[in-house]
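I have placed the structure first, in the form of structure tokens, so that the comments after it can refer back to it.
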Amino acid sequence: MLEFGETLSDKIVPGEVVYLIGELGAGKTTLARGILSGLGCRDNVVSPTYTLIEPYATCRHDVYHLDLYRLNRQGDIENLGLRDLLDGHAVCLIEWPEKFAGNLPEPSLTIRIRIFERGRKIFLDPDLISAP
């Protein structure tokens with residue numbers, strides 16, 4: 001997940017909203033850690049499960065890592081100030097966006113992680129890896 005995230009980071013630009021979807025333990029935060037590492041972040045990247053939002057300044061641009069797992073109401077999203085984060089200058093990595101389907105900004109990239117008996121499989125929409 002770390003290595004894949006680092007590779008993927010070259011395709012992520014400011015202003016993008018990236019959905020990270022997968023069950024508990026699928027590797028969403030580890031993937032975010034890889035993306036941040038690839039963007040030049042040298043901070044200790046932690047899960048935002050309890051803080052809800054973790055901001056990071058990288059050598060390329062700012063990144064906001066959000067975890068919506070503990071939120072239950074639409075008002076909770078409004079209280080986060082998500083609209084303020086979407087200024088076109090930062091990347092937003094959002095874990096558990098499916099909890100608020102239709103109430104979040106449209107993603108520029110959706111990453112789905114599935115756990116199988118023999119490992120994990122990652123699905124990208126759109127598929128940035130095969131793009132020329």
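Rule-based calculations on the coordinates, nothing more; no lab input. Everything numeric in this text was worked out from a predicted model, so none of it was measured. Positions of Cβ are generated from backbone atoms using ideal geometry, with glycine treated the same way; all protein chains shown enter the neighbour counts.
Structure notes:
- Whole-number D in µm²/s for region 45-88 (Stokes-Einstein; Kirkwood sum over Cα pairs; 25 °C, 0.890 mPa s): 216
- Looking at the chain alone, DSSP beta bridges between its own residues are antiparallel in about 45 percent of cases.
- Sequence-distant contacts, meaning Cα pairs under 8 Å at least 6 residues apart, place the relative contact order of the chain at 32 percent.
- Summing +1 for each Lys or Arg and -1 for each Asp or Glu among the other residues whose beta-carbon sits under 12 angstrom from that of Thr49 gives -1.
- Taken one residue at a time, the phi angles of region 16-31 give Karplus couplings (6.51, -1.76, 1.60, θ = phi - 60°) of 7, 10, 10, 8, 10, 10, x, 5, 3, x, 6, x, 4, 5, 5, 5 Hz. Gly and Pro are set to x.
- Under 23 Å from Lys99, Cα to Cα: lysines that are on another chain or at least 8 residues apart: Lys28, Lys121
- Annotation: amide H of Ala90 within the under-5 Å range of Gly15, sequence separation 5 or more or interchain, hydrogens built in the peptide plane.
- Distances between placed amide hydrogens fall under 5 Å for Leu109 paired with Val17, Tyr19, all partners being 5 or more residues away or on another chain.
- Summing charges over all other residues whose Cβ lies under 12 Å from the Cβ of Ser108, with Lys and Arg as +1 and Asp and Glu as -1, gives -2.
- Mean residue ellipticity (222 nm) of the chain, computed from DSSP H runs ≥ 4 via -39,500 (n - 2.57), nearest 500: -5500 deg cm²/dmol
- Proximity of backbone amide H atoms, modeled 1.01 Å from N, is registered between Gly22 and Trp96, Ile113 at under 5 Å, excluding neighbours fewer than 5 places apart on the same chain.
- Set against the labelled values [x] 0.93; [y] 1.08; [z] 0.98, Rg/Rh (Cα atoms, Kirkwood Rh) computed from this structure falls on [x].
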